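Down below is the structure, laid out as structure tokens.
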Amino acid sequence: MNRSVAAIAATLASLAFGPLVARAQVDARAVSFGIGGGTSIPVRDSRTAYRSGFNGGAFLRLDMGTLPLSLRADCVYQNFELRPAASPPSGTGTGTLLGGLGDALVYMRRGGVRPYLIAGLGAYAVRTEFDADNVPTRTETRLGAHGGAGLLLTFGSLVLYAESTLDHVAPRAGTAGSAIQVVPVTVGVIF
């Protein structure tokens, strides 16, 4: 009887303190590096110019210790095929976004499963390349912002993440261009 009580007590203790161990593993790294990729979906007016594409990126994250906050420097790449209405009649084309952003992440809870909100500002190099002859490639730098939500999952020393944001790339001041809005859905690993 005493052995079964001890076994039950040990099981309850491991269930109660298990999340604390996972939390210590997550919080142990003040600085971490992540890579990921996924799909990017144009929304609003951007749907008329771009087909759904892909994204990839890397980031450097700084956890703020006991605060439920992290700061992150992102480098993101998104690639899209142009829709026929956006490219010259004699060919197709490609649109790319290359961005550098500074983000703030606010964690909703600690532990092995950590939902978070993300928001950031930065600059994007917007490149439009047409496959048709005699149509020059256009490249311009634009300011942008994004916001969304994500989830960190910790399995021992393996940390995975999944997130989605709305990226808003503003038109250049003094131009007649429109904003680019895409929703990248990204999954990756954090080291």
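The values are calculated or read from the model by the stated rules, or taken from the named source; none is laboratory data. Only a predicted model underlies this, so the values are computations on that prediction, with no experimental measurement involved. Here the Cβ positions follow ideal geometry from the backbone for every residue, glycine too, while neighbour counts run over all protein chains shown. Only protein heavy atoms, including side chains, enter the accessible area calculation; ligands, DNA and RNA are left aside. Shrake-Rupley method; radii C 1.70, N 1.55, O 1.52, S 1.80 Å.
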hydroxyl-bearing (S, T, Y) and assigned to a loop (DSSP other than H, G, I, E, B), is that true of S164?
-> no
Every residue from segment 29-66 that is open to solvent by 80 Å² or more (accessible area, probe 1.4 Å) and in contact with a strand residue (DSSP E or B) (Cβ under 9 Å, 6 or more places away or on another chain) | V31, F33, R44, D45, R47, T48, R51, F54, L60
Given the residues R138, R127, which is the only one that is surrounded by fewer than 16 Cβ atoms within 10 Å (Cβ to Cβ), at pLDDT 90 or above and basic (K, R)?
-> R127
Is it true that T186 is part of a strand (DSSP E or B) and without any contact (Cβ under 8 Å) to a residue 24 or more places away in the chain?
-> no
Restricted to segment 80-123, and to residues that are open to solvent by 80 Å² or more (accessible area, probe 1.4 Å) and not in a loop (DSSP other than H, G, I, E, B), which residue is modelled with the lowest pLDDT?
-> E81
When residues of segment 36-66 are limited to those that are in a strand (DSSP E or B) and of a type in the set (A, V, I, L, M), the one nearest to T165 (Cα to Cα) | I41
Output the residues belonging to segment 165-176 that are open to solvent by 40 Å² or more (accessible area, probe 1.4 Å) and either hydroxyl-bearing (S, T, Y) or free of Cβ contacts under 8 Å to residues at least 40 places away in the same chain (or both).
-> H168, P171, R172, A173, G174, T175, A176
What tally of residues in segment 150-161 results from selecting those that are open to solvent by 50 Å² or more (accessible area, probe 1.4 Å) and part of a strand (DSSP E or B)?
-> 5
Starting from segment 148-164, take each residue that is farther than 13 Å from G34 by Cβ and free of Cβ contacts under 8 Å to residues at least 24 places away in the same chain and list its partners that are assigned to a strand (DSSP E or B) and of a type in the set (V, I, T), counting only C-beta distances under 6 angstrom and pairs at least six apart or across chains.
-> S164/V185
